[in-house]
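Undergrad: Here it is, the structure, as structure tokens.
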Amino acid sequence: MPISNHAFGAVEASVYAPEIFAQGLPAAQLQDHGDRLRQPTAEDAAPLLDLEGIGLSFGGVVALADVDLSVRPGEIRAIIGPNGAGKSSLINVISGVYRADRGHVRLDGARYAQVPTQRLARLGVARTFQNLALFKGLSVLDNVGSGLAYRTRSNFAEQILGIGRTRREQQQQRGRADQVLEFLHLTDVRDRLAGTLPYGLQKRVELARALVAEPRLLLLDEPMAGMTAGEKSEMAAYVRAARDRFATTVVLIEHDVGVVMGLSDRVAVLDYGRKIADGTPDEVRNDQRVIDAYLGVASDNEDGAGI
């Protein structure tokens, strides 16, 4: 079955090598498997992503106010905060959906007033969305393959007639899609329509579509929203394994503080569009400003129990 040429997003792809995929590991073991393979990230490494004084307003409403944020290569960088804190606005600035009123985005050393969405493919950026954005009438395979459709070089006539470069490109796309489906344990549902899958599996398909091009920077906007506790645990293991296996840097927005604290290397906290804390999970967990603004634990709770 050929993969449909339905473009979704834009991420620069590199050729997968079959050996980079975990073979048959259940989700519960992915964390340990990845930890054995991961190379340590140097704390002094130049940031892959650097936000400098980002400000954004909608009319008279301030969404972001002078936000600075650095993301090191290979880390899982979480952004948390109450509803309306500016988290999604920030990820939309990073991906070029919004142009900041002030400040700049540095991506791999290049400085942008607005990240060019039409060049995200060349910049190696992929993202998922808070609300599912799958093609529900297409198969899982076609949905995942659509993450590579922007690489198509065959022309319209070749695609209609199935000649020239079309067949080779479809075979390559299918092979890459099948590899990431195997990695995320979605092979059994590859031919099902995406819209017929349970919600948790649909979220995993969306992750597969983002990962198929092996991006350098993966932006995850609430990838576990609406999931059960078990599904969240599985998704967290897949995110960690994807980072470790593909050397992908992850920026994660997530409301479940327990998941964030267990998954992330560093955590930034936004409140009313301002960054009020930034550090390791333990540092953020015990920051009184975070406790007062978000976590809601009494100030005399010295050990951070319940966070």
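FYI, it's all coordinate maths here, none of it is from the lab. Just so we're clear, the structure is a prediction, and the values are computed from it rather than from any experiment. Neighbour counts run over all protein chains shown; Cβ positions are idealised from the backbone, glycine included.
Undergrad: For a protection proxy built on the mean count of beta-carbon atoms within 10 angstrom, sort 62-69, 276-283, 264-271 highest first, please.
TA: Top to bottom by mean Cβ count within 10 Å: 264-271, 62-69, 276-283.
Undergrad: Straight-line reach from Lys136: which lysines fall under 21 Å, measuring Cα to Cα and dropping same-chain residues less than 8 apart?
TA: Output for Lys136: Lys203.
Undergrad: Exposure proxy check: His185, His104 ranked by fewest other beta carbons within 10 Å?
TA: His104, His185
Undergrad: Moving on to the next point. How much length is gained if the chain between Val97 and Thr196 is pulled fully straight, taking 0.36 nm per residue apart and subtracting their Cα-Cα distance, in nm to one decimal?
TA: That pair, Val97 and Thr196, stretches by 32.7 nm at full extension.
Undergrad: How would you rank 214-220, 257-263, highest first, on the average number of other Cβ atoms within 10 Å across their residues?
TA: 214-220, 257-263
Undergrad: Would you calculate the separation in nanometres between label points at Ala247 and Ala46, each defined as 7 Å from the Cα along the Cα-to-beta-carbon direction?
TA: 1.5
Undergrad: Now for a separate question. So which lysines pass the test for Lys275, namely a Cα distance under 22 Å, with those fewer than 8 places away in the same chain ruled out?
TA: Cross-link targets: Lys87.
Undergrad: Between Asp265 and Asp66, 0.36 nm times their residue separation minus their Cα-Cα distance comes to what?
TA: The span from Asp265 to Asp66 would gain 69.3 nm if fully extended.
Undergrad: In addition: How would Phe183, Phe246, Phe58 line up from fewest to most surrounding beta-carbon atoms within 10 angstrom?
TA: Listed from fewest to most nearby Cβ atoms, that is Phe58, Phe246, Phe183.
Undergrad: Now for a different question. At R0 = 25 Å, how high is the FRET efficiency between Lys136 and Phe58 if r is their beta carbon distance? Nearest 0.05 is fine.
TA: 0.25
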